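Here's the structure we're looking at; comments come further down.
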Amino acid sequence: MIEVPATSLMITAQAESQNEILTPGALSLLATLVADFTAERDRLLLERVRRQQAISKGATLDFQDETLSIRNGDWVVAPLPPEALDRRVEITGPVSRKMIINALNSGAQVFMADFEDANSPTWANCIEGHINLRDAVNGSIEFDDGAGKRYRLNDKTALLMVRPRGWHLPENHVLGHGKPIPGALFDFALFLFHNHPALAARGVHPFFYLPKMEHYLEARLWNEVISRAEQILGLAHGTVKVTVLIETLPAAFQMDEILFELKDRIQGLNCGRWDYIFSYIKTLRDKAEYLLPDRAQITMDKGFLNAYSLLLIRTCHRRKAMALGGMAAQIPIKSDAAANEVALAKVRADKQREARAGHDGTWVAHPGLVPIARAEFDAVMSGPNQLQCMRDDVQVSAGDLLRPVSGTITGQGFRSNIRIALLYLQAWLGGNGCVPIDNLMEDAATAEISRAQLWQWLRNPAAQLENGSRIDSALYRAERSGILDHLLQTAAPEESAQLVKAAELLDTLVLNDEFATFLTLDAYPAIC
């Protein structure tokens, strides 16, 4: 263990070049934020548990009476900075060196560098990620693939935004008073400390994407954290800008309140669709009437997803904030032209729907999708955004936000969930948090859908395969064993060991009666 002088922090791991990032000044900022805000973060996480227990016992989700004055008020957020007025295409990905260069060069308006769902939070990944971002901000980042190809930044690059980990995720390699510190504070403090001077020199704000919030008080905590950091670093209040992902079901009922809590710095809200589907399943898992079909049948034009995306546009534009659409997880299929065209047609239709509905921009997971997404927004938008599209015609009730998507549970869908979860967990345990599987880019959010559906289908009496077969633990064990055996036939020795660990973990996640709140929490000890 390395005790950090003049702070209450203890570093319990070692990674190459970590002293470049874990400098005395950065650790001093981090230690202050940890000391001032960890207790409130812990309290809010306990409130999540209490609310979920109430829902499982019959409480209903609804808009809150206590914040009616905020929803009815005429307030708006602070003016948007000029460098972020056009966000029509945003690309996301992990904080690996090659990915950062390719994403910044992709032609997208924004690159969201992700320490959360697309990152397996090994100590090396987290440290190297901060080094990579520092080098990207100062323009020195390069990458040599070892085969004669060198990657460098273009003269014009995307605007960088950083997603720290959610409030629920710890950083086990840094202890504060003997306990793992919040990963959110680690990611936020280190990026802001090391990069705000270079960003200011270029006339650019520090931008963050804030994930996984379930309540407006969690947004208030973020605002307090950021304000304190600005104060310590001598930055004007509101220097740091944020966008919030609405990717939990409870947060959909508090969009106005979240905007209000962060109104001096917030840029907009984003439809984090994959995590939102997972949250819907997780939150309503004990209620038979909210059973969902195969993941492939749960699309943004249906049920609770359509309602939440329209409400997000209306809410954001009323407050003069941007409304960003969801992720296209498809990746180009070079080996099959016909299959590639089918996949790209789905992307075009999805982005056309978002643009025509009034979104100001959208997400893609692969550089090859940037021109496709931009074309659909260019066809609709005459300016940099659609803030003038008020959508006063949209009226969304609590019931609309809860309306399930109808469909079927197929044998293929059941097996696909097992296969995706196994392959993703195998990669995550090996240090890779963003994985192409069956021509889709899978991250923790999509893997969460797969394992959550398996858990719910095994316990919901209304769940059965379309052929009438019963879904039970015997079926799961048989299918999981067959899929694992098939994967092991072609796996390298190291991959085989990770697959076996992944299967053990998936069994725990699916077969335990207690629903694990996040698979990343259960898997994290295996990489520490």
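Quick one: 3J(HN,Hα) in Hz for the range 222-229, Karplus 6.51/-1.76/1.60 with θ = phi - 60°, rounded, Gly and Pro as x.
Once θ is set to phi - 60°, the couplings for the range 222-229 become 4, 5, 5, 4, 5, 4, 5, 5 Hz.
Within 10 Å of each candidate Cβ there may be at most 13 other Cβ atoms; applying that plus a DSSP loop requirement, which chymotrypsin sites (Phe, Trp or Tyr not before Pro) in the range 6-102 survive?
75
Between residue 53 and residue 35, with labels modelled 7 Å along Cα→Cβ, what's the label distance in nm to one decimal, could you check?
Using points 7 Å along Cα→Cβ, the separation is 3.3 nm.
Would you mind calculating the gained length between residue 287 and residue 467 on full extension (0.36 nm times residue separation, minus the Cα-Cα distance), in nm to one decimal?
So the chain would gain 62.5 nm between residue 287 and residue 467.
Quick one: compute the contact order of the chain, relative version, from alpha carbon pairs under 8 angstrom and 6+ residues apart, as a percent.
16
Where Rh is the Kirkwood radius over the Cα pairs of the chain, the temperature 37 °C and the viscosity 0.692 mPa s, what D in µm²/s does Stokes-Einstein return?
Estimated via Stokes-Einstein, D reaches 139 µm²/s.
Around residue 307, under 10 Å between beta carbons, what's the net of Lys plus Arg minus Asp minus Glu among the other residues?
Cβ neighbours under 10 Å give a net charge of +1.
Want the number for residue 336 to residue 458: 0.36 nm per residue separation, take away the alpha-carbon distance, what's left?
40.4 nm
I'd like the Kirkwood hydrodynamic radius of the range 408-527, using the inverse of the mean 1/r over distinct C-alpha pairs, in Å.
After inverting the mean inverse Cα-Cα distance, the result is 14.4 Å.
At a Cα cut-off below 20 Å, give the lysines reachable from residue 57, other chains included and same-chain residues fewer than 8 away excluded.
Counting by Cα, and skipping residues close in sequence, residue 57 has these lysines nearby: 282, 287.
Taking DSSP loops as anything outside H, G, I, E and B, show the longest stretch in the chain free of trypsin sites (Lys or Arg not before Pro) there with at most 12 other beta carbons within 10 Å.
The reported range is 335-528.
Work the Kirkwood hydrodynamic radius out for the range 242-383: mean of 1/r over every pair of different alpha-carbon atoms, inverted, in Å.
Across the range 242-383, the inverse of the average 1/r is 16.0 Å.
None of the figures in this text is laboratory data; all of them are computed from the coordinates on show. The model shown is predicted, which means the values in this text are computed figures rather than measured ones. We place every Cβ from the backbone using ideal geometry, glycine too, and count neighbours over all the protein chains shown.
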